[in-house]
Amino acid sequence: MIVEKDELKDCWQEQMRAIDCKYFVIKADDLFNSISNDQALEFSNMLADYNDYREKNLGKGINRYFVANRDEFPQLADAHEFINFLNYCIENHLDEFKNRIKDV
């Protein structure tokens with residue numbers, strides 16, 4: 001699909017909404033190994049603009065997420081099981097959570 005430059009953001013947003021996708025998760029090492037220094041500078045500027053927008057327009061700081069790679073938790077079939085696992089750990093205190101993570 002060919003998209004005009006001024007329509008690109010709208011196209012991305014439309015496609016992301018169509019698959020109910022709210023986030024980008026990119027492994028930093030892979031990203032920085034795949035781009036040039038000029039692209040890394042551009043990416044840094046984009047992140048700075050994004051963080052400025054969040055602070056000035058939304059009153060929010062930098063996002064902080066926990067991300068679990070599904071390859072690292074093959075015993076959990078889907079997001080629902082992962083959420084249940086986290087809830088179980090929280091309900092049964094942090095020590096139990098630490099012990100269970102060691103088994104993974």
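A few notes on this one:
- Remark: pairs (first residue in the stretch 39-67, farther than 30 Å from F82 by Cβ; second residue of a type in the set (A, V, I, L, M, F, W, C); Cβ separation under 7 Å; 6+ apart in sequence or on different chains) = A40/F32.
- Verdict on N57 being exposed (fewer than 11 other Cβ atoms within 10 Å of the Cβ) and at pLDDT below 95: no
- Residues in the stretch 1-34 that are in a loop (DSSP other than H, G, I, E, B), free of Cβ contacts under 8 Å to residues at least 24 places away in the same chain and among the aromatic types (F, W, Y): F24 only.
The values are calculated or read from the model by the stated rules, or taken from the named source; none is laboratory data. These figures come from a predicted structure and were not determined experimentally. In this analysis, Cβ positions are derived from the backbone assuming ideal geometry, glycine residues included, and neighbour counts consider all displayed protein chains.
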